[in-house]
1. Enumerate the pairs (first residue in the range 204-216 and without any contact (Cβ under 8 Å) to a residue 60 or more places away in the chain; second residue anywhere and in a helix (DSSP H, G or I) and exposed (fewer than 10 other Cβ atoms within 10 Å of the Cβ)) with beta-carbon separation below 9 Å, excluding pairs fewer than 6 apart on the same chain, so at least 6 apart or on different chains.
2. Run residue 296 past the list (1) modelled with pLDDT under 95; (2) assigned to a loop (DSSP other than H, G, I, E, B) and report the number of the one that doesn't hold.
3. Working carefully through the options 268, 219, 197, 242, find the one that is surrounded by fewer than 15 Cβ atoms within 10 Å (Cβ to Cβ), within 24 Å of residue 152 (Cα to Cα), in contact with a helix residue (DSSP H, G or I) (Cβ under 9 Å, 6 or more places away or on another chain) and in the same structural domain as residue 143 (by TED's automatic domain parsing).
4. Looking at 91, 172, 102 in this structure, which one is over 20 Å from residue 25 (Cα atoms) and touching a helix residue (DSSP H, G or I) at 6+ places or on another chain (Cβ under 8 Å)?
5. From (1) touching a strand residue (DSSP E or B) at 6+ places or on another chain (Cβ under 6 Å); (2) in a helix (DSSP H, G or I), pick out the condition that doesn't hold for residue 110.
6. What residue, among those in the range 16-54 that are crowded, with 23+ Cβ neighbours inside 10 Å and free of Cβ contacts under 8 Å to residues at least 60 places away in the same chain, is farthest from residue 154 (Cα to Cα)?
7. Got a sec? Which of 8, 70 is outside the structural domain of residue 256 (by TED's automatic domain parsing) and either in contact (Cβ under 8 Å) with a residue 24 or more places away in the chain or loosely packed, with under 13 Cβ neighbours inside 10 Å (or both)?
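The values are calculated or read from the model by the stated rules, or taken from the named source; none is laboratory data. It should be emphasised that the depicted structure is a prediction, and the values quoted were computed from it without experimental measurement. Cβ placement follows ideal geometry from the backbone for every residue including glycine, while neighbour counts extend to all protein chains displayed.
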């Protein structure tokens, strides 16, 4: 993967496009007995690990590895596999297989570190979840807004926890291309919507209508979230958030690339669903898949004239 240099070459690694598109669906994967999407739950897991004292670098690798493995495995995660009787070695083998199924375009050195995170998961203690974690999970994103025009709402909306998690994972995966510190990018992404824990999201339109009140309100509501953290973690997050205002640093570029990619892919999946055809479903994706009753299924559909 060719690294990005300011003013020369591509601004983002096209080779990672397919992976980022696929991982984006973790915002929309749910399972019985588990509250929220996989992305929402990984956001909470990440914050629990951070408040529990886990090293931020380990948290960034752990959450990113779990997200990439879940792209194909969904909620066939370590907890489920262990409960179903697999030993630690078998669990690790399954999870690494899930990671490898999608991570061919990931920087090789980073991919090895992600594999290691799945093979030897950290034994961190989950700390108490700050109130902003649940608040962001309940705070819907604004949709498509533009000053002077009505909002375009696409249902169901993502929430801010899902968006922050996705940007954090994207940021880690994109970091080698920008020669950025993946841990700093991860932390900044996990914290970049602190203000929306208390501040409803009216999008760019609402921000412009607030005028000179916008920045003081954002600063105040961001501080409310920061104040929920212990002093050491608060200082760590404040340092990480320093990359947010611009793309002057490698970490800033990795973050802003991740942020804009996720924002656009969130809308793209709505458009993809609207344009889906039965040819794709039945022929390309083989909805009626191979098996002992495949021929009977085909005859049933043909005689019922479905589709």
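1. Close Cβ pairs satisfying both conditions: none exist.
2. (2)
3. Working: 219 fails: within 24 Å of residue 152 (Cα to Cα); 197 fails: surrounded by fewer than 15 Cβ atoms within 10 Å (Cβ to Cβ); 242 fails: within 24 Å of residue 152 (Cα to Cα).
That would be 268, the only listed residue that is surrounded by fewer than 15 Cβ atoms within 10 Å (Cβ to Cβ), within 24 Å of residue 152 (Cα to Cα), in contact with a helix residue (DSSP H, G or I) (Cβ under 9 Å, 6 or more places away or on another chain) and in the same structural domain as residue 143 (by TED's automatic domain parsing).
4. 91
5. Answer for residue 110: the failing condition is (1).
6. 41
7. Working: 70 fails: outside the structural domain of residue 256 (by TED's automatic domain parsing).
Exactly one residue qualifies, and that residue is 8.
Residue-by-condition table, conditions (1) under 17 Å from the mean Cα position of the chain (by Cα); (2) in the same structural domain as residue 92 (by TED's automatic domain parsing); (3) buried (at least 24 other Cβ atoms within 10 Å of the Cβ); (4) on the phi < 0 side of the Ramachandran plot:
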site: 147; (1), (2), (3), (4): no, yes, no, yes
site: 168; (1), (2), (3), (4): yes, yes, yes, yes
site: 178; (1), (2), (3), (4): no, yes, yes, yes
site: 183; (1), (2), (3), (4): yes, yes, no, yes
site: 187; (1), (2), (3), (4): yes, yes, yes, yes
